[in-house]
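The values are calculated or read from the model by the stated rules, or taken from the named source; none is laboratory data. As the structure is a prediction and not an experimental result, all values here were calculated from the model. Note: ideal-geometry Cβ built from the backbone for every residue, glycine included; neighbour counts use all protein chains shown. All accessible areas refer to the heavy atoms of the entire protein, side chains included, with ligands and DNA or RNA removed. Shrake-Rupley method; radii C 1.70, N 1.55, O 1.52, S 1.80 Å.
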Amino acid sequence: MTGLQHFGWFLARGFGPQGWGYPSLDWDYDWTRPDIYQEAARTLEQAGFDLVIIEDAPSLGSAETIDLRVRHAFGGPKHDPLLLAPYMFQATRHLGVVPTVNPAAYLPYTAARQFSSLQHLSGHRLGLNVVTDTGSARHFSAEPQLGHDAAYDRAEEWLDGIRSLWRSWEDGALVADRSTGVYADGSRLRAVRHRGEHFAFDGPLNAIPFDDGEPAIVSPGGSGRGLGFAGANSDVQLALAPLDEQSVRGYRARIHDAAVAAGRSAQDIKILFAIQPVITASAEEADRIVAASADPDDAVLVQIARKQSSDLETDLTALDLDRPLDPSIFGTHVSRGSIQRLIGDRGEGAPLRAHLTALARAGRFTDRTGFVGTAEEFADLIEELGDWGNDGVLLWGDFHPVTLHRTLDELVPVLRRRGILRREYADGGLQANLRAF
Ligand SMILES: Cc1cc2nc3c(=O)[nH]c(=O)nc-3n(C[C@H](O)[C@H](O)[C@H](O)COP(=O)(O)O)c2cc1C
């Protein structure tokens with residue numbers, strides 16, 4: 001029997017233009033102001049979500065390809081999600097807010113102090129989505145760019161350093177006794193002295209300890225090194241994997257093994273599988289959407305090409321749709337994995353049109369070919385995931401009110417009726433909600 005699962009929302013366009021490029025979403029919102037994010041945060045809390053993760057990329061990419069990223073606002077501009085978080089906390093009482101942070105961008109002492117401040121201000125509802133993108137390193141220092149695994153090593157040193165600062169106040173250090181007038185006992189503050197490969201700093205931290213746990217650590221990396229990082233450090237892992245039983249169980253086992261290898265317990269990590277559902281009013285509507293997507297027109301393909309051009313920093317919109325895609329157009333900055341995801345099993349001789357059409361094609365929940373279907377069909381999928389031991393899912397989308405309401409309006413009552421979605425929150429913030437079941 002499936003029980004409660006955890007629900008998160010991945011704000012896939014970060015703190016940037018919401019709904020841009022979709023004329024039907026032109027509601028005249030100002031993405032630079034807090035209102036749209038606060039409205040969405042209230043909606044997600046009303047819906048019983050545990051957390052919202054704010055995507056981020058601090059860089060606009062290389063000088064030659066900046067235009068590809070900003071022209072249709074797929075890759076920027078993006079404002080700083082850490083500074084957006086307090087506005088979302090202000091609008092809610094239970095929702096966890098998880099800005100994306102890159103260890104390259106913050107010195108550990110600054111980070112420990114800022115995150116501590118936000119954890120206290122929010123009533124222990126802060127999480128941190130720790131990412132290791134190396135391409136943006138040049139904005140933060142003149143040091144040579146790190147390799148993939150070395151960036152994870154740095155992230156681990158950074159997090160260890162932050163935790164040692166958070167823990168530099170021993171039990172009993174905070175006194176706050178009005179009768180004696182003593183606020184803190186300085187003899188119980190530990191002098192942290194860190195001299196590592198990437199960072200050097202001294203403590204203790206000038207911020208008081210937490211009552212209800214440290215900020216939750218969230219991680220999205222899916223490589224072997226990424227899973228190892230999650231096992232050793234994370235409270236939540238964001239998973240991208242096919243949603244068949246073998247893949248789901250296999251992914252979960254890899255994370256759990258990594259946790260146990262790091263001396264933790266498998267129950268210490270919640271694994272949320274990312275899904276971008278299209279919820280329809282009827283099965284017929286879902287069938288129509290899937291059928292229409294089988295043969296997309298050129299306008300749809302161009303829109304997909306624009307997004308791919310931004311993600312891959314390579315202009316696909318200038319190419320002939322009916323000629324084979326030559327992989328040599330991708331610079332060395334584009335990973336083989338990303339090119340492979342575009343080309344799939346169609347091979348290099350296939351025309352660009354075939355690759356973009358494959359991305360345009362939608363599938364149904366019912367036969368597990370995709371994520372289009374009714375709320376009841378979606379709930380069936382979630383129940384099946386639950387039967388395989390799954391902890392929860394991460395719904396993926398922007399924060400435009402139309403996106404949120406199209407996705408949630410029918411879904412929430414169905415999930416509640418089936419006992420999959422929480423009606424009440426725990427006391428004690430994000431960590432308490434994650435551990436409640
Ligand atoms: C669900 C999900 C969300 C992600 N969010 C971000 C993000 O906001 N910013 C970012 O720079 N990378 C993001 N990533 C990319 C990862 O941080 C990581 O760089 C990528 O998965 C490559 O690491 P890996 O080789 O360990 O998989 C995300 C990945 C996934 C699966």
Complete set of residues in region 1-28 that are open to solvent by 60 Å² or more (accessible area, probe 1.4 Å), at pLDDT below 95 and under 30 Å from Ala436 (Cβ atoms):
Met1
Say whether the condition of being farther than 30 Å from Thr317 by Cβ, open to solvent by 20 Å² or more (accessible area, probe 1.4 Å), of a type in the set (Gly, Ala, Ser) and more than 16 Å from the ligand (Cβ to nearest atom) is met by at least one residue in region 350-364.
no
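Hey, does region 53-62 have a residue that's in the same structural domain as Ala191 (by TED's automatic domain parsing) and either more than 16 Å from the ligand (Cβ to nearest atom) or surrounded by fewer than 18 Cβ atoms within 10 Å (Cβ to Cβ) (or both)?
There is at least one residue in region 53-62 that is in the same structural domain as Ala191 (by TED's automatic domain parsing) and either more than 16 Å from the ligand (Cβ to nearest atom) or surrounded by fewer than 18 Cβ atoms within 10 Å (Cβ to Cβ) (or both).
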Six or more apart or on different chains, Cβ atoms under 6 Å: show the pairs whose first residue is in region 270-281 and in contact (Cβ under 8 Å) with a residue 24 or more places away in the chain and part of a strand (DSSP E or B) and whose second is within 15 Å of the ligand (Cβ to nearest atom) and aromatic (Phe, Trp, Tyr).
Ala274/Trp396; Ile275/Phe371
Can you report the number of residues in region 224-252 which are within 14 Å of the ligand (Cβ to nearest atom) and basic (Lys, Arg)?
1
Please verify whether region 411-420 includes one or more residues that are open to solvent by 10 Å² or more (accessible area, probe 1.4 Å), among the β-branched types (Val, Ile, Thr) and either under 24 Å from Ala283 (Cα atoms) or assigned to a helix (DSSP H, G or I) (or both).
yes
Can you work out which of the residues in region 135-153 that are of a type outside the set (A, V, I, L, M) and crowded, with 17+ Cβ neighbours inside 10 Å is farthest from the ligand (Cβ to nearest atom)?
Asp153
Out of the residues in region 85-95 that are surrounded by 22 or more Cβ atoms within 10 Å (Cβ to Cβ) and under 17 Å from Gly14 (Cβ atoms), state the one that is farthest from the ligand (Cβ to nearest atom).
Met88
Checked pairs for region 255-266, first within 15 Å of Val236 (Cβ to Cβ), second acidic (Asp, Glu), C-beta under 7 Å and 6 or more apart or across chains, list as Ala259/Asp268
Does region 275-290 include one or more residues that are of a type outside the set (Val, Ile, Thr) and within 16 Å of the ligand (Cβ to nearest atom)?
yes
Being of a type in the set (A, V, I, L, M), crowded, with 24+ Cβ neighbours inside 10 Å and closer than 23 Å to Phe10 by Cβ is the filter here, so list the residues in region 102-124 that pass it.
Ala104
Determine, yes or no, whether Trp31 is open to solvent by 70 Å² or more (accessible area, probe 1.4 Å) and either in the same structural domain as Val414 (by TED's automatic domain parsing) or more than 13 Å from the ligand (Cβ to nearest atom) (or both).
no
Could you check Gln267 against (1) more than 18 Å from the chain's Cα centre (by Cα); (2) in the same structural domain as Trp396 (by TED's automatic domain parsing); (3) farther than 30 Å from Thr366 by Cβ; (4) surrounded by 13 or more Cβ atoms within 10 Å (Cβ to Cβ) and say which number it fails?
(4)
Quick check on Gly221: is it within 22 Å of the chain's Cα centre (by Cα), away from the ligand (no atom under 16 Å from the Cβ) and surrounded by 15 or more Cβ atoms within 10 Å (Cβ to Cβ)?
no
Are any of the residues in region 193-212 within 26 Å of the chain's Cα centre (by Cα) and within 16 Å of the ligand (Cβ to nearest atom)?
no
